Each structure stands twice: as C-alpha cells, then as structure tokens.
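The values are calculated or read from the model by the stated rules, or taken from the named source; none is laboratory data. Worth saying up front: this structure is predicted, and the values here are computed from it rather than measured. Note: ideal-geometry Cβ built from the backbone for every residue, glycine included; neighbour counts use all protein chains shown.
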Amino acid sequence: MGIHTNTPSESVQKRKRSRVLPLAAMALLAALASCEAERKPLTPDILPVRVEPAKLAADDLHASGTGEVKARVASDLSFKVGGKVVSRSVGVGDHVKAGQVLATLDPVEQLADIDSAKASVASQEATLRMAASVLSRRKALTQTGALSQQELDSAQQEFQSAQNDLDAARAKLESANEALIQTELHADADGTITARNVEVGQVVQASTTVFTLAHDGARDAVFNVQESALSGDERPKSITVALVSKPDVKAAATVREISPTLDRSLGTVSVKLSIDNPPAEMTLGSAIIANVVFGREQRISVPWQSLFSKAGEPAVWVVDAGTSSVTLKPITIERYDAAKVIVESGLEPGELVVVDGGQFLRDQQKVSISQEATQ
C-alpha cells in the first residue's frame, strides 16, 4: 500500500484558493446590491404628522379671581353698659331671630341703681307734696292780705324747684331701668352669627363688640382686586360667579361697589359684586370664583404643542395641502390661555397647522397627514 503525502507547495496553493473563494463571494454580493439600488430610485423621508385646520372662533376677553360670599348688611352687636358676662346662648354659625337674647351681663349694679333711683323719686315726691301744701296756704293768705306777694313768689319757686327735682329723679329711675334692660344683648335682625368675641365670665366694657351678625337677605361677592386691573375704562359685558368647590353652582352678578381706598399692605382694592338670586349652596363664607367677560372677538387659536420658534419669535408649522410640504410660519400672539394660544396675526382660516410630530420637521419637509385630523 502506497502512502500519499502533500508537498509543501501543494499546501500553500490550497490555502490561497480557500482565501480567494470568500472574497469572490463578497464581491458578487456587493455587485448584486449595487444593481438592486440602481433599480430602486431614492425617495425622501416622509414623516407622519397630525394637523388641525385654523378656524375662527369666538374669543372672550375675560378675567377671573377668587373671593368670598358675604352678607350685604352686617352689624357689630355690643352691650351699652359694662359688666361681667354671665350667659351666652349662641355661637358662630347659629341663625337667630330679631329680638332674640344672645348674651346677658350680671345685673347686680343696675338693680342697685334702680333701688337708689326709686328712693330718690319717693323723696322728691314727698318734697313736692310739702312744697305744694306751702304754696296753697300762701295763696290763701295772700288773698286775705296776711302775706305779701314776695312770700307767695318764694313758695311758687320752691314748688317749681321740687317739681324739677322730681322730674330729674324720675328720669334717673328710667335711665336705671334702661340700663337693666341693656344687660341683655338682643339681635337687631334675622341673620347668622359670623363672629363671637367674648366668653362667659369675661368682663366687657360698653360698646365692645360681642357678636357680628350677618343679616338675612341680599348677598355680595367680595374680592380683593389689584389696582392695575381697575385702571382701564372698559366695563365688563357680563359677570358670573361660581362656587370653587362646585363650579356648576353659579349665578349672574353685577358690580355694586368699588372701594375708593387702597389696601397698602396688599396693593389691592375691595370690589363688591351683587349676586342675582344666589343659589342656596352659596352660603356665607363660601369661596367663589368670578368670571368677567370684557368683550368678544373672532380669533384663531392653536394648541400649546403646536407652538415653535423661528429666529426667537413664535411660529407654527403649516402644511401645504397641494405639495404635502411644511413651512415654519411666524405668528403674533394675542395672549396665552390655559390650554391654547390665541393668535393675533400670521395665520389664515383653513391653513393646516401641525399639532403632533413637529419636533422632527425641517423646512419643505414632506409629510403624511392623518385623515381624521382634517375633518
């Protein structure tokens, strides 16, 4: 049996052939790919976008602010005499009727004054009776010539003085009785207690505010408004107030009063709105929001996400419906609202504004438009 062995020259040739074959295959694939590329023409990238047509819509020029529901009429109730509070029958939030007793003072001092005044009246009545008796006798004696006219005049003066002293004593008694009545604090109208400033056992001075009573009836919406907001001459077309907690509870309102003074600590002016037929839910102290409409115009608005910048100025991408290409168009903004941008100029009704996908666009970029976006 013969044994075949490769010579060194044969091994080298085999290795060369094994290297050449893969290189040839790769060259063939590259040629095929080049032919395929020549058959498929190059096309620019077409990006999908969502658009909205620019439309004119009613634009309300408005302002808003928060305030509080308060009574049209409120009164500070106080005792007309001083003393120690011995009872309090109502608290904040209680509804009271006119004439209802709200609190009382210890009447011991007033009772003592009444006893003293009664004693003074009794004494003056006795003095008057004596002066009347003397005057009567002197009149009789004067008629008989036993007394002179001067003595009769003196008796007349003493009688008149006694009468005046009795009147003064009776007035003092009446004042003491009135002071006793004033030891009870009564409600001056139907309403709701909104503030309480004393407690049982506290000594109060006359005219110290004990309760604040909000009268039943008309209600106001009170706001603190920046002075600059009132500098214009434009008057509101309409005003609506609504509860902050329940925006569907609303009512029409009108300006009733603008304070002539400025709160220097806040830089605000107090404005009171009269609420027309306030709903029952608009109770005293309720937080409300006022929506004030100053005028209405037809303007174009665009969503926030459609807003871009061109040379530092606001702009939007607009799609040419004929060529499906986009252009970055500068606009002038009237104002910014919570969910949209109000356009003053730069857009025409019917122009297609890119809402989504604009961050990847360039000028004259071809785009595809969603069909429902233009409906």
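Taking the conditions (1) under 30 Å from Lys97 (Cβ atoms); (2) surrounded by fewer than 17 Cβ atoms within 10 Å (Cβ to Cβ) in turn, Glu227 satisfies each one other than (1).
The residue that is nearest to the chain's Cα centre (by Cα), among those in the stretch 315-361 that are assigned to a loop (DSSP other than H, G, I, E, B) and among the aliphatic types (A, V, I, L, M), is Ala338.
Does Gln364 qualify as being more than 22 Å from Asp60 (Cβ to Cβ) and assigned to a helix (DSSP H, G or I)? It would help to see each step written out before you state the result.
Working: more than 22 Å from Asp60 (Cβ to Cβ): yes; assigned to a helix (DSSP H, G or I): no.
Judged against the criteria, Gln364 is not a match.
Residue-level analysis places Thr127 outside the set of residues that are among the hydroxyl-bearing types (Ser, Thr, Tyr), more than 30 Å from Gln110 (Cα to Cα) and buried (at least 16 other Cβ atoms within 10 Å of the Cβ). Among all positions in the stretch 90-100, there is at least one residue which is under 14 Å from Ala187 (Cβ atoms), β-branched (Val, Ile, Thr) and either over 48 Å from the mean Cα position of the chain (by Cα) or crowded, with 18+ Cβ neighbours inside 10 Å (or both). Of Arg219, Arg196, Arg235, all but one fail to be surrounded by fewer than 16 Cβ atoms within 10 Å (Cβ to Cβ), closer than 30 Å to Glu281 by Cα and within 30 Å of the chain's Cα centre (by Cα); the exception is Arg235.
Here is a list: Val316, Val302, Val292, Val269. Which entry is touching a His at 6+ places or on another chain (Cβ under 9 Å) and among the β-branched types (Val, Ile, Thr)? Before the answer, list the steps.
On the way: Val316 fails: touching a His at 6+ places or on another chain (Cβ under 9 Å); Val302 fails: touching a His at 6+ places or on another chain (Cβ under 9 Å); Val269 fails: touching a His at 6+ places or on another chain (Cβ under 9 Å).
One residue alone meets the criteria, Val292.
Restricting Val292, Val316 to those that are modelled with pLDDT of 85 or more, under 30 Å from Val222 (Cα atoms) and in contact with a Lys or Arg (Cβ under 9 Å, 6 or more places away or on another chain) reduces the list to Val292.
For (1) in contact with a Cys (Cβ under 6 Å, 6 or more places away or on another chain); (2) at pLDDT 80 or above; (3) among the basic types (Lys, Arg), each residue gets a yes or a no:
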| site | (1), (2), (3) |
| --- | --- |
| Arg17 | no, no, yes |
| Cys35 | no, no, no |
| Pro44 | no, no, no |
| Ala57 | no, yes, no |
| Ser64 | no, yes, no |
| Ser75 | no, yes, no |
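Entry remark, the stretch 292-314: residues being part of a strand (DSSP E or B), free of Cβ contacts under 8 Å to residues at least 40 places away in the same chain, surrounded by 13 or more Cβ atoms within 10 Å (Cβ to Cβ) and under 36 Å from the mean Cα position of the chain (by Cα) number 1 in total. The combined condition, being touching a His at 6+ places or on another chain (Cβ under 8 Å), among the hydrophobic types (A, V, I, L, M, F, W, C) and within 30 Å of Val271 (Cα to Cα), is not fulfilled by Val96.
For every residue, the table says whether it meets (1) within 21 Å of Lys172 (Cβ to Cβ); (2) aliphatic (A, V, I, L, M); (3) not in a helix (DSSP H, G or I).
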| site | (1), (2), (3) |
| --- | --- |
| Glu109 | yes, no, no |
| Ala117 | yes, yes, no |
| Gln124 | yes, no, no |
| Ala131 | yes, yes, no |
| Leu135 | no, yes, no |
| Leu141 | no, yes, no |
| Leu147 | no, yes, yes |
| Leu152 | no, yes, no |
| Ala155 | no, yes, no |
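Any residue at all in the stretch 323-334 that is under 26 Å from Asp59 (Cβ atoms), touching a Pro at 6+ places or on another chain (Cβ under 6 Å) and outside the structural domain of Ile239 (by TED's automatic domain parsing)? Within the stretch 323-334, one or more residues are under 26 Å from Asp59 (Cβ atoms), touching a Pro at 6+ places or on another chain (Cβ under 6 Å) and outside the structural domain of Ile239 (by TED's automatic domain parsing). In the set (1) modelled with pLDDT under 90; (2) surrounded by 14 or more Cβ atoms within 10 Å (Cβ to Cβ), Lys272 fails one condition alone, (1). Residue pairs whose Cβ atoms lie under 7 Å apart, sitting 6 or more positions apart in sequence or on different chains, and linking a residue in the stretch 137-159 that is of a type outside the set (A, V, I, L, M, F, W, C) to a partner that is loosely packed, with under 12 Cβ neighbours inside 10 Å, are Thr142/Gln149. Selection of the stretch 340-356 for residues being over 13 Å from Ala57 (Cβ atoms) and surrounded by fewer than 15 Cβ atoms within 10 Å (Cβ to Cβ) yields Glu344, Ser345, Glu348, Gly350.
Does Ala280 satisfy being exposed (fewer than 13 other Cβ atoms within 10 Å of the Cβ) and at pLDDT 90 or above? Outline the logic, then answer.
Working: exposed (fewer than 13 other Cβ atoms within 10 Å of the Cβ): yes; at pLDDT 90 or above: no.
For Ala280, the condition - exposed (fewer than 13 other Cβ atoms within 10 Å of the Cβ) and at pLDDT 90 or above - is not met.
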